[in-house]
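First comes the structure, then the notes that go with it.
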Amino acid sequence: MLLCILASLLPRPAAAADVVAYTENLPPLNYLENGRPAGFSVELLQKMAAESGMTIDIQVMPWIRAYQTAQADRDSLLFTLVRTPERENQFFWIGPVAKRQVYLFRLAKRSDIRLNDLADAKAYRIGVVRESAATRQLVASGFRQGEQLEPGNDDFMNVRKLRHERIDLMLALDASAYLNLEKAGGQRSEIVPALLVDGQSDYYIGVNRALEPQKLQALQQAFGRLQQRGELAALQKRYFGR
């Protein structure tokens, strides 16, 4: 009996979340702020959790690790990602949640770099995020890692390389490039878009295809209600001004 009483006084482990959500540092969509997940997509997921009555544990890590872990963990989702043909059957999809505009950026002082089309960029060293959809798009267009492409873990690493002129161009989401530049101690005027690479795609939430159907349905319905009430549009306007 004494052992039972003592055991009842010990701290109990926290209950496991209904779903684990894996993501990367990609402001303003998702990132760590003072050690806690923050950003547009994080707020959206938190609203979806509250709306559905589910608990969601959000973990931020390098993209390739997040991608691989979300595929291996059946009670998981991956955000925020582009819905591409090669990924179509890897996940169930919720969204679209936001528009995506990806550019090649150069330093403002590098006026020698002039790009009329993507082929012109093959003459330069480009910082990219390892295994991202945008990187895969360049690879499909004939760019090669180790030649034109220099992979990194995230945009923050690449913006530091660009500032120190270790690369000529950086492939990045527009808002992410500027926010990471400021985080690195720079000014927005230091970089300029050299070429729009993709302005037609959307971001989604990818759900592991082994997730319990009732959980998937609860998440989909929660997203739908937020969309219908205008809360998704309000969140988009607050973060992106559109």
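The values are calculated or read from the model by the stated rules, or taken from the named source; none is laboratory data. The structure displayed is predicted, hence computed values, not measured ones. Here the Cβ positions follow ideal geometry from the backbone for every residue, glycine too, while neighbour counts run over all protein chains shown. Protein only, heavy atoms only, side chains kept; ligands, DNA and RNA dropped before computing areas. Shrake-Rupley method; radii C 1.70, N 1.55, O 1.52, S 1.80 Å.
Structure above, values below:
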read-out: Radius ratio Rg over Rh of the range 141-190, counting only Cα atoms, Kirkwood formula for Rh; value: 0.98
read-out: Cα gyration tensor, the range 101-206 - rounded (a/c under 1.5), prolate or oblate; value: rounded
read-out: Accessible area of the chain belonging to carbon and sulfur atoms, whole % at 1.4 Å probe; value: 49 percent
read-out: Residue-span extension gain [ASP117 to PHE240] - 0.36 nm each, minus C-alpha spacing; value: 41.6 nm
read-out: Hypothetical label at ASP174: residues of the range 100-141 whose amide nitrogen lies under 15 Å (7 Å Cα-Cβ projection); value: 100-106
read-out: Cα gyration tensor category, rounded, prolate or oblate, for the chain with a/c compared to 1.5; value: prolate
read-out: Loop sites in the range 188-236: trypsin sites (Lys or Arg not before Pro), DSSP, at most 12 other Cβ within 10 Å; value: ARG209, ARG229
read-out: Å² per residue, accessible surface of the chain at 1.4 Å; value: 51 Å²
read-out: Unsatisfied cross-links (Cα-Cα over 25 Å) in the set LYS109/LYS183; LYS99/LYS161; LYS183/LYS215; value: LYS99/LYS161; LYS183/LYS215
read-out: Stretchable slack from ARG209 to ALA50, in nm (0.36 nm times residue separation minus alpha-carbon distance); value: 55.0 nm
read-out: Prolate/oblate/rounded label for the range 194-242 (Cα gyration tensor, a/c 1.5); value: oblate
read-out: Packing-based order for 153-160, 94-101, using average beta carbon neighbours within 10 Å, highest first; value: 153-160, 94-101
read-out: Over the chain: helical MRE at 222 nm, DSSP H runs n ≥ 4 each giving -39500 (n - 2.57), nearest 500; value: -10500 deg cm²/dmol
read-out: Extreme residue, positive dipole direction of the chain, given options GLN200, TYR103, ASN25 (C-beta unit charges); value: TYR103
read-out: For the chain: relative contact order, % (alpha-carbon pairs under 8 angstrom, 6 or more apart); value: 29 percent
read-out: Radius ratio Rg over Rh of the range 82-129, counting only Cα atoms, Kirkwood formula for Rh; value: 1.12
